[in-house]
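Participant: The structure follows.
The values are calculated or read from the model by the stated rules, or taken from the named source; none is laboratory data. These figures come from a predicted structure and were not determined experimentally. Reconstructed Cβ throughout: ideal geometry from the backbone, glycine too, with neighbour counts over all protein chains shown. Just the protein is used for accessible areas: all its heavy atoms, side chains included, with ligands, DNA and RNA removed. Shrake-Rupley method; radii C 1.70, N 1.55, O 1.52, S 1.80 Å.
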Amino acid sequence: MLLQSEIASILLNGLQQGAIYALLGIGLTIILGTMEFLNLAHGALYLVGAYTGLIVFQETALSNGLLYSSGITTLGFEGGFLAALFVVPIVGFGIGLLMERFVAEPFYDRPETDQLLVTFGLALIVEETVKNVIGGNTFQSIAPSTIFGVNVSQPISLPLVGLFPSWRLFIIGIAFLVIGLTYLVIERTDFGLVVQAGTHDSEMVRILGIPINRSYSLVFAVGAALAAFAGLIGASIQTVSPQIGTEQALVPAFLTIVVGGAGSVRGAIAGGLVLGVIISAMTQTYSQWAQIVLYLFVALMLIVKPEGLFGSAEVGE
Amino acid sequence: MSGDRSGDANEAVPDGGTVTEDAAGGSGGSALAGLRDRDDFVVIATAAALVVFPFLLIDILGAVGDVIGISIGGYTGLPSLVLIYGIIVIGFNLLLGYTGLLSFGHAAFFGSAAYSAALFSQVVPSPILMVIAGTIVATLLAWPIGFVSIRRSGVYFAVLTLTFGQALYFWALGPGSWLTGGDNGFSGIEAHGLFVGALPLDAQLVPVFDSYTVMYGFTSVVMLAALWVGNRIINSPYGLIFEALGENEERVEFVGLNVFRYKLMAFIISAVFAGVGGAMFVIHEQYIHPTTGLYWIQSGDFVIMTVLGGTGSLIGPVFGALVFEYVANVISGVSLPMIGSIGSLWRFVLGAVFVFIVWVFPRGIYGAFADLAAMVNGRGGGDGDEPAAADGGERE
């Protein structure tokens, strides 16, 4: 019988892992839903986000790095993580725009297997580039010790859960802030309306005279920025190495949208949380079986409810 | 992808089950074109190529390498390795190129056969029986996985196969490590003699050339058998249905055929090939690890080889396997005058080439050469309108 505190800590850890899955899943799902483009390089964007975060973190650190050597020794925050919080999504956004224009667009009218293949190749290229430019070695996670002057390196005591790393609490907070904002943008703005309509019937949106091609690049860029942001969050919790793009990001992102339902933002959030809680529960109880149970759950989900929690059956088919 | 097959202008004669292929580099008349598909011709032509293959790859390229000062010749095990992957991708292409199903989980069949063969060798150290044992296990595994995965199509099919493959990978790495050796991998494979201890696999077949080992002979025979079977399948009425499925599934359903059954069969057949290859691989390498055997990147490698070589023909993917393994094993060790050691850059280069091929030559290297040959022969249609039309026809 699990103790209450164990359940609470499983849920909290699940929330943290689920937030990363959800961020990845939202990006993948809006791209898949709107453009019916399946991006196997989504994990590569996570990788780019993690490494960009790492570089910004190191270069803006005030004990060494670029900023220090140019004479700036105080910015009011430690470790450069806040700088990374802004730089990483912008870099991701830019890469997303480029990807849409040069990689995705030529393949919209080709078979979906071709899309899978070309983005798979692209993922390989990115991973190998990182390996060759930065090196294949593993970097420590980039969590700063203080943020806004608050010490986040010490665990704090929470009711029910007990001791929990305060940095992870901060991460959960900021991840859900971004998830919430994305959700609001898609639910409440004109841009979101176009995206939603696009996921249902992009042909109809075009016929109505809405310049969906411009929305395409925006959607792609937003998706990429979210993936890069997820990479930054992931890098602050786990170690960074060139393999994380495929191992920690791409496959979980797919599982997330399979569980949530392709094309649905709500589904990606729900799917991410469900998977996060499963993996967290398994890790704390039978850690050897964690990944296996995760995969079998997704397989079962596909068989029992193939359209996912919130998806419509046709999207991504 | 599969739509590109129409570029070959196949004409089926349903009753006899024969197919004549009259495009793609056929310089002669229909007599030659007819000959190209005959089983004995395919097998004999390939056998001839297999006889000279190690000589070209190791001795000739080695000699050229000595002259230019860059070692570009293969090592003695490479020809066998290329053929082993060749066997796998012939089967994989039946699924991807003909039936139009993209599986990201074939490492499951490759790896399970490899582990089964390795475990079986502890009891009966006979390579031939090891291959049979490994193939049986892969086939038995393919049935339930296929049964579930085939229910979904397109992207979902890819994700489902990936899911099952990864579950097996993590099982082999964790809970199943009592059987698989876990992260230490599985070594100690006993497979030394081809026939009950006689004919050790690393013995030479031909006195002077040390690249012609018994292992190579064994692999060649299996390769020829695989090719013969593959050719039989695609030229039979049964294989025609695979091809029809790749082009338009709905139409096949309207004709009244059981789509599910044929797709499942295509899946299982391709898994049999992967199983044979997996067992051969473990005999060749004497070692298997979850990462080389079961990880999804291994499945991705099968995809790359197949697409690189060309999905539009039976033999095409084998060229992909050759390019892939040559780049991975030889080019990666080359040190160029200006650039220096290539080392791990090979995957980068391969990724770039792969993207280029998918982009520009959807029919792969073999397809590109076939188009080129057709152009030289003044037919000209090969690379122009036909693939474009095929791509257009693919969309729904």
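Participant: Looking at region A:241-258, can you tell me whether even one residue there is more than 14 Å from chain B (Cβ to nearest Cβ), crowded, with 24+ Cβ neighbours inside 10 Å, of a type in the set (Gly, Ala, Ser) and touching a Leu at 6+ places or on another chain (Cβ under 7 Å)?
Facilitator: No, there is no match, as no residue in region A:241-258 is more than 14 Å from chain B (Cβ to nearest Cβ), crowded, with 24+ Cβ neighbours inside 10 Å, of a type in the set (Gly, Ala, Ser) and touching a Leu at 6+ places or on another chain (Cβ under 7 Å).
Participant: Here's a follow-up. Take A:Thr199 and decide whether it is more than 14 Å from every other protein chain (Cβ to nearest Cβ), within 28 Å of A:Ile147 (Cα to Cα) and of a type in the set (Ser, Thr, Tyr).
Facilitator: So A:Thr199 fails the test.
Participant: So in region B:98-128, with the set limited to residues that are part of a helix (DSSP H, G or I), aliphatic (A, V, I, L, M) and open to solvent by 20 Å² or more (accessible area, probe 1.4 Å), which one is farthest from the other protein chains (Cβ to nearest Cβ)?
Facilitator: Per the criteria, the residue is B:Ile128.
Participant: Moving on to the next point. Say whether the condition of being of a type outside the set (S, T, N, Q), assigned to a helix (DSSP H, G or I) and modelled with pLDDT under 90 is met by at least one residue in region B:256-268.
Facilitator: Scanning region B:256-268, I find no residue that is of a type outside the set (S, T, N, Q), assigned to a helix (DSSP H, G or I) and modelled with pLDDT under 90, so the answer is no.
Participant: Let me ask something else. Based on what the data block shows, is A:Ala84 crowded, with 20+ Cβ neighbours inside 10 Å and more than 10 Å from chain B (Cβ to nearest Cβ)?
Facilitator: Yes; evaluated as a whole, the condition is true for this residue.
Participant: Are there any helices (runs of 4 or more DSSP H) wholly within region B:275-353 with 1 or more residues that are farther than 28 Å from B:Leu168 by Cα, within 14 Å of chain A (Cβ to nearest Cβ) and open to solvent by 20 Å² or more (accessible area, probe 1.4 Å), and if so which?
Facilitator: Hits in region B:275-353: B:316-329.
Participant: Can you find a residue that is over 18 Å from A:Thr239 (Cα atoms), part of a loop (DSSP other than H, G, I, E, B) and away from chain B (no Cβ under 14 Å) anywhere in region A:131-149?
Facilitator: Yes; the residues of region A:131-149 include at least one that is over 18 Å from A:Thr239 (Cα atoms), part of a loop (DSSP other than H, G, I, E, B) and away from chain B (no Cβ under 14 Å).
Participant: Something else now. Any residue in region A:115-126 that's more than 7 Å from chain B (Cβ to nearest Cβ) and crowded, with 22+ Cβ neighbours inside 10 Å: show its pairings with residues that are in a helix (DSSP H, G or I) and of a type in the set (S, T, N, Q) at Cβ separation under 8 Å, as long as the two are six or more apart or on different chains.
Facilitator: Final answer for the pair search is A:Ala123/A:Thr246.
Participant: Let me ask another. Restricting to region A:94-113, and then to whatever is part of a helix (DSSP H, G or I) and facing another protein chain (nearest Cβ under 9 Å), can you tell me which residue is surrounded by the most Cβ atoms within 10 Å (Cβ to Cβ)?
Facilitator: A:Thr113
Participant: Let me ask something else about it. From B:Val159, B:Val155, B:Val131, grab the single residue that is away from chain A (no Cβ under 14 Å), part of a helix (DSSP H, G or I) and either hydroxyl-bearing (Ser, Thr, Tyr) or at negative phi (or both).
Facilitator: That would be B:Val131, the only listed residue that is away from chain A (no Cβ under 14 Å), part of a helix (DSSP H, G or I) and either hydroxyl-bearing (Ser, Thr, Tyr) or at negative phi (or both).
Participant: More than 11 Å from chain B (Cβ to nearest Cβ) and at pLDDT 90 or above: is that true of A:Ile292 in this structure?
Facilitator: In short, no.
Participant: Out of curiosity, is A:Leu160 aliphatic (A, V, I, L, M), over 21 Å from the mean Cα position of the chain (by Cα) and modelled with pLDDT under 90?
Facilitator: It is true that A:Leu160 is aliphatic (A, V, I, L, M), over 21 Å from the mean Cα position of the chain (by Cα) and modelled with pLDDT under 90.
Participant: Of everything in region B:220-248, what is of a type outside the set (A, V, I, L, M, F, W, C) and farther than 17 Å from B:Leu56 by Cα? Give them in sequence order.
Facilitator: B:Gly230, B:Asn231, B:Arg232, B:Asn235, B:Ser236, B:Pro237, B:Tyr238, B:Gly239, B:Glu243, B:Gly246, B:Glu247, B:Asn248
Participant: Right, another one. Let me spell it out: the conditions are (1) part of a helix (DSSP H, G or I); (2) under 30 Å from B:Asp39 (Cα atoms), and B:Phe209 meets all of them except one. Which number is the exception?
Facilitator: (1)
Participant: Right, next: Does B:Ala12 qualify as being surrounded by 15 or more Cβ atoms within 10 Å (Cβ to Cβ), modelled with pLDDT under 60 and more than 24 Å from the chain's Cα centre (by Cα)?
Facilitator: For B:Ala12, the condition - surrounded by 15 or more Cβ atoms within 10 Å (Cβ to Cβ), modelled with pLDDT under 60 and more than 24 Å from the chain's Cα centre (by Cα) - is met.
Participant: Before we move on, is A:Ala19 in a helix (DSSP H, G or I), among the hydrophobic types (A, V, I, L, M, F, W, C) and closer than 14 Å to A:Ile172 by Cα?
Facilitator: yes
Participant: Check whether at least one residue in region B:257-273 is open to solvent by 30 Å² or more (accessible area, probe 1.4 Å) and in contact with a strand residue (DSSP E or B) (Cβ under 8 Å, 6 or more places away or on another chain), and report yes or no.
Facilitator: No, that holds for no residue.
Residue-by-condition table, conditions (1) within 24 Å of B:Ser153 (Cβ to Cβ); (2) touching a His at 6+ places or on another chain (Cβ under 7 Å):
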| site | (1), (2) |
| --- | --- |
| A:Ile212 | no, no |
| A:Phe220 | no, no |
| A:Thr239 | no, no |
| A:Glu247 | no, no |
| A:Leu250 | yes, yes |
| A:Ala262 | yes, no |
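Participant: Right, another one. Filter region B:180-199 for residues that are out of contact with any Ser or Thr (no Cβ under 9 Å at 6 or more places or on another chain) and open to solvent by 60 Å² or more (accessible area, probe 1.4 Å); which is nearest to the other protein chains (Cβ to nearest Cβ)?
Facilitator: Result: B:Ser187.
Participant: When B:Pro144 is evaluated against the numbered criteria (1) open to solvent by 10 Å² or more (accessible area, probe 1.4 Å); (2) modelled with pLDDT under 90; (3) part of a helix (DSSP H, G or I); (4) not small (Gly, Ala, Ser), which criterion, by number, is the only one it fails?
Facilitator: Among (1) open to solvent by 10 Å² or more (accessible area, probe 1.4 Å); (2) modelled with pLDDT under 90; (3) part of a helix (DSSP H, G or I); (4) not small (Gly, Ala, Ser), B:Pro144 violates only (2).
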